[in-house]
Each structure stands twice: as structure tokens, then as C-alpha cells.
Amino acid sequence: MSLTAKQKYDLKKFVVELDSHRALHTELISVYIPRGYDMTKIINHLAQEQGTASNIKSASTRKNVISALERMIQHLKLFKQTPENGLAVFSGNVARQGQIDLRVWSIEPPIPLQTRIYRCDKTFQLDILKDMLEVKEMYGLVVMDRREGIIAVLKGKTITPLAKYTSNVPGKTKAGGQSSQRFERLREGAAKEFYTRLGEHVKDEFFGKPDLKGIIVGGPGPTKYDFVEGSYMPTELKNRVIAIKDLSYTDEFGLQELVDKSYDVLAEEGLVAEKKILGRFFDLLSTRQGMVSYGRDEVMKQLKNGIVDVLLLSESNEGELIAEFEEEAKKFGTRVEIISTETREGAQLRDFGGIAAILRYEINY
């Protein structure tokens, strides 16, 4: 499952806050409750841990652990049942030495929890949540013609080239003295050798990868079909080819063009939704400027007027600024999109000031 930019931003903000807290002793409590697990059992377990904590020798640590457990128990009693994706709960005294700042946090993660954990340590146990921030699903990308081929992966919104290869196929101008038939046989033989070599490299990069969702192949002319339909890749990988696209370019330009032309097969990826909404904003900016707004002060003004339909916030903004705009957006049911900087469009928004909006109706400036 891939997180939306908004889910990723919210989870990352939560993790960063909790990761900043440290204790001198093992008194910060982390509890992970799996989806479908009985909340009452968790509360009873925490009550038992309070009894165990009474044996802690250090008076201050004993007090902090018992108090943190009590705060967590009271917090969990607010839930009638375990949320659909489970619940991660954290509690402890996060003040500096000698002071008291007893706090409790909870979050329903965007991905269902499968593991039950109780941990009392000097730091909060955040590995499971951090792992959710790592994009695991990927698409293989192959761009090729008879002259060259490039292999890459699309992970989340990032295209990462893996390797580039060139062929030994002669140009169309034949050497002197060679018959056209013989020269063409040489070209065909060199092309098949290149396809075989490229297929081996595709196998090396993608075979047996459990996170591979599919392979997309593209390139100019019919070469890509010869490659996919021939016996140059293992059957398992041939079956993973989910699209073949006509391109104008090869090389790195071809990779970007391949992704841009693969909206239909990448519909579940946040990449496409992000590109579409930003494409709509920049299109309106050039054709109907009264339908958009940009810049911190101007967008906030339109938010407060209740006429913002979609609020676009670059993840490059400070967390406090994003929170301020989100709070204002809630008042009028404005949809908020947190935009990554990993795409060309996202980088454009960042360079545009990082704050923009599509309005509910056209206004005259």
C-alpha cells in the first residue's frame, strides 16, 4: 500500500515529534495494538504492568512509569473499540530532568498494524511507524531502441536509473562491398544479441523482487515489441509487463516520458494524483488566472473568505506553517493536498513559493 503525500506528511510529523524525546531511564512507554485486538485486554495488561512497576528501585523512575501507564489507560478508555488499522500509543514524562511534563499520544496508522508490542525504554519505539514511511512497492522501467537501453525503477514518486547499455547494431549505412541482404542479417543478429543482453540485465534487476508491481516498457518504433514478445526475458518477468508505450525519446528523457504516458497503469500511485492536481493548477494559471491563488498572504486571504476548493502545500514548508493553513482549511471544508518535491511539478510548486490554491469560483483581481 502506498501512502498519499498527506498521510506521509502527517505520519512523518508524528514520528519526528516523538523521536525528539529522550529519558535518562527506561520510562517512556510504547504500545502497539493490532487491528481487531480487544482493547480491554490491552487495558488490563497495562494495569498489570503498573503493579510490576511498583518494584522499580528508583523512586522517580517508578513514579514516572506508573503515572505514564495511568495516563495511557485513561486515554485508551476513550476508545469504544480498536480503530480499523489498529492503534499506536505512547506515554511518558518528556520534561527535562527534575521536572514533570507527562504526556500521551496516539495515532491510527495509515497501514494496518499486525504486531502487538509493549515496550518501556529510554526512547519511544518508532521502528514500525518509520518503516511505513519507506516506500516498498516499485515499478520496473525499461526504455529502449536498437541503439541503447536504460533500466530504472519508479518507487513512490522517484525515478532511479539503474543501468544504461548500448548496442553494437551497425547504422543503416552499409559498409562498401557488402550485399544489402548480408548487411541486414548482420544488423538483425546484432539486434538480437543486444535484446538478449538487455533481457539478462532486466532479469538481474527485477527477477524475484517481491515488491515489484509490474514492468513498463517504452521506446520509439517497433523495437520494444520485438523485445517483449521475444524470448529475451524469463516468462515470469514477461508476465509482469503491464504496459508498452510509444515514446519519442530514449535515455533519461525517455524515462520521464514513459512515466508521464503511464497514468493509466500508475493510477494507484500518489505520483499520478499529484501530477494531475498540479497540472490543473498550472493550466488554470495560464488560462484563467481568476481561478487560482498563490503566495502565503494571498492564499490565506482566500482561505478565510471560504472560496478555496483545493489547497496545495509543498512539503518543503515548515511544519507550523502547514498546520496553520490546515487549521484554516478545516473551517470551510477545503481539501488539502501536501505536495512532495520529488516530481518536476512538485519542485515547480516549491519554487513558486510552496503555497497555492484552486478556487471554487473565478474572482477578479
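Odds and ends about this structure:
Each row is one residue, and each column tells you yes or no for (1) surrounded by fewer than 18 Cβ atoms within 10 Å (Cβ to Cβ); (2) at pLDDT 95 or above; (3) not assigned by TED's automatic domain parsing to the domain that holds Asp226.
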residue: Ser106; (1), (2), (3): no, yes, yes
residue: Leu126; (1), (2), (3): yes, yes, yes
residue: Gly156; (1), (2), (3): no, no, no
residue: Lys172; (1), (2), (3): yes, no, no
residue: Gln181; (1), (2), (3): yes, no, no
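- Of the residues making up the range 289-319, just one is within 15 Å of Asp351 (Cα to Cα) and in a helix (DSSP H, G or I), namely Arg296.
- Test: residue in the range 272-288 that is outside any helix (DSSP H, G or I) and either surrounded by 14 or more Cβ atoms within 10 Å (Cβ to Cβ) or within 27 Å of the chain's Cα centre (by Cα) (or both): no
- Residue, surrounded by the fewest Cβ atoms within 10 Å (Cβ to Cβ), within the range 22-65, restricted to residues that are among the hydroxyl-bearing types (Ser, Thr, Tyr) and without any contact (Cβ under 8 Å) to a residue 40 or more places away in the chain: Ser54
- When each of Lys130, Lys164 is tested for being assigned to a helix (DSSP H, G or I), surrounded by fewer than 18 Cβ atoms within 10 Å (Cβ to Cβ) and in contact (Cβ under 8 Å) with a residue 40 or more places away in the chain, the lone residue that passes is Lys130.
- Considering residues of the range 26-74 that are under 29 Å from Ile111 (Cβ atoms), small (Gly, Ala, Ser) and outside any helix (DSSP H, G or I) only, the residue modelled with the highest pLDDT: Ser30
- Residue satisfying condition, being within 30 Å of Gly219 (Cβ to Cβ), charged (D, E, K, R) and in contact (Cβ under 8 Å) with a residue 12 or more places away in the chain, within set Glu328, Glu342, Glu337, Glu315: Glu342
- Extreme residue, nearest to Asp121 (Cα to Cα), among residues of the range 1-25 that are charged (D, E, K, R) and assigned to a helix (DSSP H, G or I): Asp19
- In the range 133-154, the qualifying residues are those that are over 17 Å from the mean Cα position of the chain (by Cα) and of a type in the set (Asp, Glu), and the one that is surrounded by the fewest Cβ atoms within 10 Å (Cβ to Cβ) is Glu148.
- Look at the range 219-241: where a residue is of a type in the set (D, E, K, R) and a partner is not in a strand (DSSP E or B), sitting 6+ places away or on another chain with Cβ atoms under 8 Å, you get Lys224/Asp145; Asp226/Ala191; Asp226/Tyr195; Glu236/Phe207; Lys238/Val228; Arg240/Phe206.
- Summed over the range 298-322, residues that are hydroxyl-bearing (Ser, Thr, Tyr) and surrounded by 20 or more Cβ atoms within 10 Å (Cβ to Cβ) total 1.
The values are calculated or read from the model by the stated rules, or taken from the named source; none is laboratory data. This one's a predicted model, so the numbers in the text were calculated from it and none came from an experiment. Cβ atoms come from the backbone with ideal geometry, glycine included; neighbour counts cover every protein chain shown.
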